[in-house]
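The values are calculated or read from the model by the stated rules, or taken from the named source; none is laboratory data. Just so we're clear, the structure is a prediction, and the values are computed from it rather than from any experiment. Quick reminder, even Gly has a Cβ in these numbers, built from the backbone with ideal geometry, and neighbours come from all protein chains shown.
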């Protein structure tokens, strides 16, 4: 009998097999699509641009197969292609599934009442046309607006990553404001504890209620980890954005076989657009991508090794 | 010579002509599509459901023509239809344009750096396949993440509505937390003052930097208005959600000809799904919708009249 799907168990199981927590960002910036995949300029409304993005992202996904547990498409970069971008995103999700990759859609959705419910249905119900394994969500509208997402996690095993502390320059404008002696992001993290507990996996104990905690603020990881000992961390900001592998995994804790675990570390630009991948020769491009992926995997593997 | 487009000027100009600030929500909940427009059950992935939503929303938009200045499609309800929903949204925007209606897309987007820029490009650049006249955005990630949207407002005259105080039960979880003696939403509103000033229209003085302030919390409108004297308010929560017309316009101020102005008041369920519109007879349905729209317009018109 197969176990029902549980995002955190599936993710951590695969991360343990691979020995590293690399999450590969799928951020197809139009102005960065390598020459190998395009002819001429790239414009959001142009069907040739959609073709170029498809060719590039598909070839990239094929390189990721066997090298990472999970990929993170950035919804904005598909939405900017218009309706064709939504179709392409569905194709990308299908391609990832064929390649054994979990898909965490970075869409940062959030709304109230029945609209939140529609977002949860759109992305977390297995029979939806755009179903993924996990979704990032925005908490500004309050705890009740997270419930439809948590409900899908409970019912369908999907993962939900709540934005807690991001890695951009202005992140602190709201997130660091002091509320009753603690920064806002920490009081938010603490308020998620019951969701976290409810969504823990039977196999690993890790929770499908995850949190986004930027790697550029390593000193804050410990505080969030204390508030949420079983939440998966999604850590952006490693590599091109500046944090080291060691900083990125600072909120991870000791796993059953000695290594550190408890989240995933995202790299987008660093692995998708390495300088050596500007070649118009396909095999040179493939080698450059493989090398960038392998280097990230190796750095992160070393950072979590016991 | 035509003036360049300026959202606040265009919106307030039209509101003055009509004499009321009604914004009509386009929230096509699948389980509420009237029998007149569907055959059998409605499922997100089913092409017949998309057809039914199209027929319903198009017929509804035709009723709104001449009765409101602006419509507010809820992105979640289109996204739940999968890639076909994005195509339908583009068709809806086009239909609204043909009917002389401004489109404010309620997508509550927000992200960092180049992703925020991609969202701004996707929805606010006039040549994008999904371009609308205005967009709702989420401020949790900080002031720098709002800048790409403000930039499009500056460059292309588009409108940006920042979530400040929403109308759901848990809205206060973060938004009301006390920060240096004031609730968070108010300190957020104050931090938007320079954006507001920068985006004021040459004709009306109103700003294309708007704010979302729920009608269920009328006592808070005055405080936000003091912080942002020229921002358009988008007030949800009128009608089906409970607030009266008088409560909904409490943050409006006296206009040049005596009436109160300074925002729009949204009604979704109340005008889209009135009880009398369950008839399978097309002209009965039309009359029911017309009556619901006219009633909302009349209530709001009375509330703002001098």
Give me a count of the residues in segment B:101-136 that are touching a helix residue (DSSP H, G or I) at 6+ places or on another chain (Cβ under 7 Å) and in a strand (DSSP E or B). 8
Go through segment B:145-166 and report how many residues are out of contact with any helix residue (DSSP H, G or I) (no Cβ under 6 Å at 6 or more places or on another chain) and facing another protein chain (nearest Cβ under 7 Å). 2
Please count how many residues of segment B:122-138 are closer than 26 Å to residue A:175 by Cβ and surrounded by fewer than 24 Cβ atoms within 10 Å (Cβ to Cβ). 0
If we keep just the residues of segment A:83-101 that are out of contact with any strand residue (DSSP E or B) (no Cβ under 8 Å at 6 or more places or on another chain) and crowded, with 24+ Cβ neighbours inside 10 Å, which is nearest to residue A:122 (Cα to Cα)? A:86
Hey, can you tell me all the residues within segment B:284-298 that are buried (at least 20 other Cβ atoms within 10 Å of the Cβ) and within 20 Å of the chain's Cα centre (by Cα)? B:289, B:292, B:293, B:296, B:297
Quick check: is even one residue across segment A:18-26 within 14 Å of chain B (Cβ to nearest Cβ) and touching a strand residue (DSSP E or B) at 6+ places or on another chain (Cβ under 8 Å)? yes
Please count how many residues of segment A:1-49 are surrounded by 22 or more Cβ atoms within 10 Å (Cβ to Cβ) and modelled with pLDDT under 95. 2
Quick test for you: out of B:66, B:87, B:142, pick the one residue that is on the phi > 0 side of the Ramachandran plot, touching a helix residue (DSSP H, G or I) at 6+ places or on another chain (Cβ under 9 Å) and within 11 Å of chain A (Cβ to nearest Cβ). B:142
Selection from segment A:137-166 of residues that are in contact with a strand residue (DSSP E or B) (Cβ under 8 Å, 6 or more places away or on another chain), farther than 19 Å from residue A:97 by Cα and outside any helix (DSSP H, G or I): A:137, A:138, A:139, A:140, A:141, A:146, A:161, A:162, A:163, A:164, A:165, A:166
Output the residue which, of all residues in segment B:254-283 that are surrounded by fewer than 14 Cβ atoms within 10 Å (Cβ to Cβ) and either in a helix (DSSP H, G or I) or in contact with a strand residue (DSSP E or B) (Cβ under 7 Å, 6 or more places away or on another chain) (or both), is modelled with the lowest pLDDT. B:276
Mind telling me which of the residues B:189, B:215 ends up being in contact with a helix residue (DSSP H, G or I) (Cβ under 9 Å, 6 or more places away or on another chain), more than 7 Å from every other protein chain (Cβ to nearest Cβ) and part of a helix (DSSP H, G or I)? B:189
Enumeration of residues in segment B:102-116 that are surrounded by 21 or more Cβ atoms within 10 Å (Cβ to Cβ) and without any contact (Cβ under 8 Å) to a residue 60 or more places away in the chain: B:103, B:105, B:107, B:108, B:109, B:110, B:111, B:112, B:115, B:116
